[in-house]
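Data block below; observations after.
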Amino acid sequence: MKKSTLARHLSVQLGQVSLIPLLQQSSSSSSTTTSNPSRFQKFLEEKLDGHRSSSLSIEHLDNNCLDDKDCILSQDFFCTPDYITPDGQQISYLDCNKENIECPRSPEKVTTAKSKRLRKGGFAVSFGSESPLHNLVMEVASDALGSDEVNTEKSSVTGSERKPNYVSQSAVALRCRVMPPPCVRNPYSKETAEMDVDPFGNQRSKSLAAGIFPTENGDGLSRYRTDFHEIEQIGWGNFSRVFKVLKRIDGCMYAVKHSIRQLHLDTERTHALMEVQALAALGYHQNTVGYYNSWFENAQLYIQMELCDRSLSITRSSQLLSEEEILKAMHQVAKALQFIHERGIAHLDVKPDNIYVKNGVYKLGDFGCATLIDGSLPIEEGDARYMPLEILNDNYDHLDKVDIFSLGAAIYELIKRSPLPKSGPQLLNLREGKISLLPGHSIQFQNLLKVMVDPNPVKRPSAKELLEHSIFDRFDRP
Ligand SMILES: Nc1ncnc2c1ncn2[C@@H]1O[C@H](COP(=O)(O)OP(=O)(O)OP(=O)(O)O)[C@@H](O)[C@H]1O
Ligand SMILES: [Mg+2]
């Protein structure tokens, strides 16, 4: 009884990825571990046979949903342009723009016979059917599935054909997903230790009593609600809202941004995904906002990111920055730009609203307009107030230098402490590289700003050259 529950629990987890590689691994390793297969192994073998006999190959799992219940909503199902394309998978953006085209397959994971073992106090421990950990897994499994589902699942795996009351593994997996894990305080995180609100109160039992989490579309399958506890809204833009959230499973704070509009068309989703693809391709840099995860839910794109304290927006924050602090921000954003430009990506929406601060460290965020410098992806320019003349004239030859102009304009705005106008002579002057005198600021600094907003992109320094300027000597070198 217990083993079959464990088997179901594991199969539920596997249902979210692909069952086949583990089944193959399990069936091969089983011969080495025992000559007398357990019920669990038998079950896995039966499942494998079942999958084989119904011609369910990995390819089918990847590309075709067997039935509607086997589909898990995920960006995996939408073709998108790649910032990094795996070897041998040259895809063009235009191809991906077509509706209903097959997504390129991810490189196959090499399956090894290694199995992970839980280590405790330096010793490898295994949990047999009598161990407390084993019992805990049993409890969670039976907690996550009602007794009716247990029967349903049992009957479907013991019979060779699907019974009318068959519930697909993906459906069960989704059902399991919506059971919130306990909301635990993270003992390593200062953030959660100092929290004045207590989101750790009986959230799980409350949500269970309320019938899991209601979603806007009423399907009860909100990954956002299942995985996160929403604390408050911390930002908004033209296209998104951003929330401070606590992740239930690790007890840490994150920012989750989600699109305001529902994205029903493939083209809309493809476009929205460019942001997460850029973030994912870039990887970690201390001066870019950290990216963790993304998913579609209710036709909206959700992006889980590193939580920052605030942005430098001068309309949303009343904090005044000294020249020293502004130079520090400029230096750190220049480091972020050097990092992304070296990877062939231009941000195209550098402005104070998109520069965040966390523990005194400045981070470039909002990669919603990010594109490839070589011009091989579509270009959507950011906030027009920070765009140089060449972009308005559809000249995209120096996209990295667009970011330098925008950084210069953003710094100019922070120094002036008044928002750049959307039109008028001040904006035209800026685009022509004319900035008014900035009393109290060094000539060296004013000259640097001037060259950053030069109307000729070639004359603007690159991010690397900017960082080599002597004005930044007092800061650490890249
Ligand atoms: N990781 C984060 N940590 C803290 N605050 C954030 C974070 N991400 C975004 N914000 C806040 O939310 C605001 C809106 O986010 P963002 O700029 O990414 O949305 P958007 O809709 O793409 O904006 P835009 O209108 O500029 O295109 C930001 O200006 C910032 O104040
Ligand atoms: Mg923004």
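Descriptive notes on the structure:
- Here is the figure for the stretch 239-270: residues that are more than 15 Å from ligand 1 (Cβ to nearest atom) and touching a Leu at 6+ places or on another chain (Cβ under 7 Å) total 1.
- Members of the stretch 271-299 that are within 12 Å of ligand 1 (Cβ to nearest atom) and in a strand (DSSP E or B): 288, 291, 292
- Considering 439, 461, 421, the condition of being assigned by the TED database to the domain that holds residue 341 and either modelled with pLDDT of 95 or more or basic (Lys, Arg) (or both) is satisfied by 461 alone.
- When 374, 366 are checked against the criterion of being under 25 Å from residue 267 (Cα atoms), part of a loop (DSSP other than H, G, I, E, B) and more than 16 Å from ligand 1 (Cβ to nearest atom), a single residue qualifies: 374.
- Any hit, the stretch 394-402, residues being out of contact with any strand residue (DSSP E or B) (no Cβ under 7 Å at 6 or more places or on another chain), part of a loop (DSSP other than H, G, I, E, B) and open to solvent by less than 40 Å² (accessible area, probe 1.4 Å): no
- Of the set (1) within 13 Å of ligand 2 (Cβ to nearest atom); (2) without any contact (Cβ under 8 Å) to a residue 60 or more places away in the chain; (3) surrounded by fewer than 22 Cβ atoms within 10 Å (Cβ to Cβ), all apply to residue 354 but (3).
- For the stretch 301-346, the set of residues classified as open to solvent by less than 50 Å² (accessible area, probe 1.4 Å), of a type in the set (D, E, K, R) and modelled with pLDDT under 95 consists of 323 only.
- The residue that is nearest to the chain's Cα centre (by Cα), counting only those in the stretch 443-474 that are surrounded by 12 or more Cβ atoms within 10 Å (Cβ to Cβ) and among the small types (Gly, Ala, Ser), is 463.
- Test: residue in the stretch 381-390 that is in contact with a Cys (Cβ under 8 Å, 6 or more places away or on another chain), over 19 Å from residue 288 (Cβ atoms) and either of a type in the set (A, V, I, L, M) or not assigned by the TED database to the domain that holds residue 287 (or both): yes
- Matching residues, the stretch 401-416, being aliphatic (A, V, I, L, M) and without any contact (Cβ under 8 Å) to a residue 60 or more places away in the chain: 402, 409
- The stretch 320-349 - residue that is part of a helix (DSSP H, G or I), within 16 Å of ligand 1 (Cβ to nearest atom) and in contact with a Phe, Trp or Tyr (Cβ under 7 Å, 6 or more places away or on another chain) and, of those, nearest to residue 379 (Cα to Cα): 333
- For the stretch 238-296, the set of residues classified as within 16 Å of ligand 2 (Cβ to nearest atom), of a type in the set (Ser, Thr, Tyr) and open to solvent by 10 Å² or more (accessible area, probe 1.4 Å) consists of 240, 259, 291, listed by residue number.
- Selected residue [open to solvent by 30 Å² or more (accessible area, probe 1.4 Å), at pLDDT 95 or above and within 15 Å of ligand 2 (Cβ to nearest atom)] from 384, 370: 384
The values are calculated or read from the model by the stated rules, or taken from the named source; none is laboratory data. Predicted model, so just to flag it, every value in this text is computed and none were measured. Note that each Cβ is placed from the backbone with ideal geometry, even for glycine, and that neighbours are counted across all protein chains shown. We work out accessible area using only protein heavy atoms, side chains counted, and drop any ligands, DNA or RNA first. Shrake-Rupley method; radii C 1.70, N 1.55, O 1.52, S 1.80 Å.
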